[in-house]
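The values are calculated or read from the model by the stated rules, or taken from the named source; none is laboratory data. Just so we're clear, the structure is a prediction, and the values are computed from it rather than from any experiment. Quick reminder, even Gly has a Cβ in these numbers, built from the backbone with ideal geometry, and neighbours come from all protein chains shown.
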Amino acid sequence: MSARLSPQRKTLALTIISFWLIATVVAFWWFQYKNLRPFDLQMSQQVEDQSLSENLQKLLSDTNNDASTRGYIVNFWRPDCACNRFNTTHIKALKDKYQQLGLKLVTVTPASPDYSRQQLQHMVKEKFATPAIIVSQSLFSGASRVPAIPSVAIVDNTGRLNYFGPYNEGAFCGLGGTRFVEKVAEQLIANQQPNIINTLSYGCYCSWA
């Protein structure tokens, strides 16, 4: 015969199960929704793309390229941003698809007191297998600011900014969805000249610095 639980043990078991369910719901909310916000944290109408373009040109001028390089997909990343975990697969897919078509993926990350340059370079290589460009936190501020991350810029081989904004709209900024990057990349490969500054999306974002 199976042992029957006493009323006290049943109450204890139900209490533990209820607590576990509540804790699971709270944890899901905390990790998935605490960083949901507009892409542009300061709600300004636009990023001044001329200043942003100039800073990007300076950074990319030292990046090794060849005649087949048609442009760059610039991944803005910070290791302590929880939202980054949702789009790693997307970034790798972009690299695999577009690098062979002439768009080189690079990762820009701000210097941090918590990590050495070597640690940052190693993390970028492990996560994305891309070159790492480590900059001061103040570089993309002011008129050329990066409002939030994860974010991405697409720059053609003349240094012209074709796109700046989030990877996708929504909580996870991952594969599928609105395909902001893919649409602009395909226009650039088709020798069109898009010029899109996108600051209106809502999703999981951290501040740049």
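Can you confirm whether segment 139-147 contains a residue that is within 15 Å of Tyr72 (Cα to Cα) and either in a loop (DSSP other than H, G, I, E, B) or touching a Lys or Arg at 6+ places or on another chain (Cβ under 7 Å) (or both)?
From segment 139-147, those within 15 Å of Tyr72 (Cα to Cα) are none; that's our starting set.
No, segment 139-147 contains no residue that is within 15 Å of Tyr72 (Cα to Cα) and either in a loop (DSSP other than H, G, I, E, B) or touching a Lys or Arg at 6+ places or on another chain (Cβ under 7 Å) (or both).
Sort out which residues of segment 100-123 are more than 16 Å from Ala153 (Cβ to Cβ) and either part of a strand (DSSP E or B) or touching a residue at least 60 places away in the same chain (Cβ under 8 Å) (or both), and write them in order of number. Give the steps one after another, and end with the answer.
Kept after step one, since they are more than 16 Å from Ala153 (Cβ to Cβ), are these residues of segment 100-123: 100-102, 111-123.
Within segment 100-123, Leu101, Gly102, Ser112, Tyr115 qualify.
Rundown of residues vs (1) modelled with pLDDT of 90 or more; (2) buried (at least 21 other Cβ atoms within 10 Å of the Cβ), yes/no style:
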position: Gly159; (1), (2): no, no
position: Gly176; (1), (2): no, no
position: Val184; (1), (2): yes, yes
position: Gln187; (1), (2): yes, no
position: Gln193; (1), (2): no, no
position: Cys204; (1), (2): no, yes
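Could you please give the count of residues in segment 138-162 that are touching a residue at least 12 places away in the same chain (Cβ under 8 Å) and over 16 Å from the mean Cα position of the chain (by Cα)? Break it down into steps so the answer makes sense when it comes.
Quick first cut of segment 138-162, residues touching a residue at least 12 places away in the same chain (Cβ under 8 Å) only: 138-157, 159-162.
From the residues that got through so far, the ones that are over 16 Å from the mean Cα position of the chain (by Cα) too are 138-139, 141-144, 155-157, 159-162.
Counting residues in segment 138-162 that are touching a residue at least 12 places away in the same chain (Cβ under 8 Å) and over 16 Å from the mean Cα position of the chain (by Cα) gives 13.
Which of (1) modelled with pLDDT of 90 or more; (2) surrounded by 16 or more Cβ atoms within 10 Å (Cβ to Cβ) does His122 not meet, given it meets every other one?
(2)
Has segment 83-99 got at least one residue that is in a strand (DSSP E or B), closer than 21 Å to Trp208 by Cβ and assigned by TED's automatic domain parsing to the domain that holds Asn195? Before the answer, list the steps.
We begin by selecting, within segment 83-99, every residue in a strand (DSSP E or B); these are none.
No.
Taking Gly102 as meeting all but one of (1) under 24 Å from Glu169 (Cα atoms); (2) touching a Gly at 6+ places or on another chain (Cβ under 8 Å), write down the number of the exception.
(1)
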